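Reviewing the structure listed below.
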Amino acid sequence: MENSHISLSSEIRIFIAHKADISQKVHHKCGHVVQKGIIPKIYKKYKETGNVEDLWRSSRPFLFSEEEKMDITKASQDDRKLTAIDISKNRHLNKHDATPQTIRNILGEDGLIASSSIPNPFR
């Protein structure tokens, strides 16, 4: 149950206020308007999990392993004229058929910039 408008500390204060049966005053104690159904949801979350923090959610799996990322980075460092498009076409480096933007993102994580094969006349 995710609520992006209320911080964890506010959720805890809402829970304490609900526990103390003063839910009518919760709106004033938290400093912002709390939607009508939020207080019971936070209380229900506490009863189910024993905590008001959001549970960890898995995300999309990584396309490349750390070793494959290092190979891409090393190839870019070895040949500075190598573009993200060139790397994405290289079947040895790009076994997963990733887009050039994904390659740029990998290089960007290491502080590298994948040059474009066509110079931009507006820079």
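The values are calculated or read from the model by the stated rules, or taken from the named source; none is laboratory data. Just so it is clear, the model here is predicted, and its values are computed rather than measured. No Cβ is skipped: glycine too gets one built from the backbone with ideal geometry, and neighbour counts run over all protein chains shown.
The table below lists the values:
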read-out	value
Given (1) surrounded by fewer than 14 Cβ atoms within 10 Å (Cβ to Cβ); (2) within 30 Å of SER9 (Cα to Cα); (3) more than 17 Å from the chain's Cα centre (by Cα), index of the condition GLU67 fails	(2)
Failed criterion for ILE87 (all others in (1) at pLDDT 80 or above; (2) not in a helix (DSSP H, G or I) hold)	(2)
Exclusive hit being at pLDDT 70 or above, under 30 Å from ALA98 (Cα atoms), buried (at least 17 other Cβ atoms within 10 Å of the Cβ) and touching a helix residue (DSSP H, G or I) at 6+ places or on another chain (Cβ under 8 Å), set SER76, SER10	SER76
Hits in segment 79-99 (condition: crowded, with 18+ Cβ neighbours inside 10 Å and not polar (S, T, N, Q))	LEU82, ALA84, ASP86, ILE87, LEU93, ALA98
